[in-house]
Ligand code: 5GP
C-alpha cells in the first residue's frame with residue numbers, strides 16, 4: 001500500500017485486547033511463577049510497545065525490561081534478512097527471556113530474534129505475540145503465546161503503524177487503500 005488508506009470498524013476493540021492481555025499475563029505468570037529466575041522481557045520496537053507495557057502491568061514476577069529494534073527484508077532467498085537497528089544492553093545470561101512481538105507475519109523477525117537472544121546464554125527463550133497472521137508465514141516459528149489469530153489483512157492500531165500513523169489507536173483496524 002502506498003496511497004491514502006481508510007479504516008473500517010475495529011477488528012479488535014480496546015476491551016477485547018485488554019481482556020486478552022490480562023489472560024496472557026495470567027498464563028505467563030503461571031509458567032514462570034516457580035522458576036526461581038528473573039524474567040527478561042525484551043520488547044521489539046516500535047510496534048510491540050503498547051502491548052508490552054499493558055502486559056507488564058499484569059505480570060507479578062521478578063522482571064527486567066529492555067528493548068530492541070529490527071527490520072526485516074524479503075530478499076530473493078526464502079529466509080529473507082533481518083537487520084538489527086538497536087540491540088538490548090541488559091545482561092540476560094541465566095534468565096528466562098520473554099520476547100514480546102506485535103505481530104508474526106512471515107516469521108522471519110521472530111525466528112531471527114529468538115536465535116539472536118539464545119546466543120546470549122539465557123536459561124530459556126519464549127515468544128509472546130499480540131497478533132498471529134499465519135497466512136503470511138515463510139518460516140516455521142515457535143510461538144508460545146498468541147493473543148489473536150488474524151486474517152491476511154494489513155492492520156494498524158495498538159502499536160501497529162501505516163507510515164508511522166495510527167499507533168496510538170486503542171483498537172486494531174484493517175487498513176485498506178482508498179478506491180478513487
Ligand atoms: P515478520 O514478517 O518478520 O513476521 O514481521 C515483521 C514486521 O512486519 C512486524 O513486526 C510488523 O512490524 C510488520 N507487519 C507485518 N504485518 C503487519 C500488519 O498487518 N500491519 C502492520 N502495521 N505491520 C505489519
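Read-outs: derived from the displayed coordinates by stated rules, not from any lab. In this text, all values refer to a predicted model and were calculated from it rather than measured experimentally. Every residue, glycine as well, gets a Cβ built from its backbone with ideal geometry; the counts of neighbours run over all protein chains shown.
In deg cm²/dmol and to the nearest 500, what is the mean residue ellipticity at 222 nm of the chain if only DSSP H runs of at least 4 residues count, each as -39500 (n - 2.57), divided by the residue total?
Using -39500 (n - 2.57) per qualifying helix, the result is -7000 deg cm²/dmol.
Given a cut-off of under 8 Å on Cα pairs at least six residues apart, what relative contact order in percent is computed for the chain?
Values: 364 pairs, mean separation 46.4, N = 180.
The value is 26 percent.
With a ≥ b ≥ c taken as the square roots of the eigenvalues of the C-alpha gyration tensor of the chain, please select rounded if a/c is under 1.5 and otherwise prolate if a/b is larger than b/c or oblate if it is not? Walk me through the numbers before you get to the answer.
Working: a/c = 2.05, a/b = 1.37, b/c = 1.49.
Oblate.
Pairs of Cα atoms under 8 Å, at least six residues apart: use those to get the relative contact order of the range 35-137, whole percent. Show your work: numbers first, answer last.
Numbers: 190 pairs, mean separation 30.1, N = 103.
RCO, the range 35-137: 29 percent.
Taking every DSSP beta bridge that has both residues in the range 14-153, what percent is antiparallel when rounded to the nearest 5? Before the final figure, lay out each step's value.
Working: 5 of 29 bridges.
Around 15 percent of the beta bridges assigned by DSSP in the range 14-153 are antiparallel ones.
If you find the alpha carbon centre of the range 14-41 and of the range 80-128, how far apart are they in angstrom?
Using only Cα atoms, the two centres lie 18 Å from each other.
What distance in nm separates the simple spin-label points at residue 153 and residue 124, each placed 7 Å from Cα in the Cβ direction?
3.5
For the ranges 171-177, 89-95, 37-43, what's the packing order if you count other beta-carbon atoms within 10 Å of each residue, average per peptide, and put the highest first?
37-43, 171-177, 89-95
Tell me the relative contact order for the range 132-173 as a rounded percent, counting alpha carbon contacts under 8 Å between residues six or more apart. Walk me through the intermediate numbers first.
Details: 46 pairs, mean separation 13.0, N = 42.
The normalised contact order for the range 132-173 reaches 31 percent.
Using the Cα gyration tensor of the range 28-105, with a ≥ b ≥ c the square roots of its eigenvalues, what is the shape: rounded (a/c below 1.5), prolate (a/b larger than b/c) or oblate (neither)? Don't skip to the answer; put the middle values down first.
Numbers: a/c = 2.19, a/b = 1.91, b/c = 1.15.
Note, shape of the range 28-105 comes out prolate.
R0 = 35 Å: FRET efficiency of residue 6 with residue 142, Cβ-based, nearest 0.05?
Working: r = 36 Å, r/R0 = 1.02.
Efficiency, from the Cβ-Cβ distance: 0.45.
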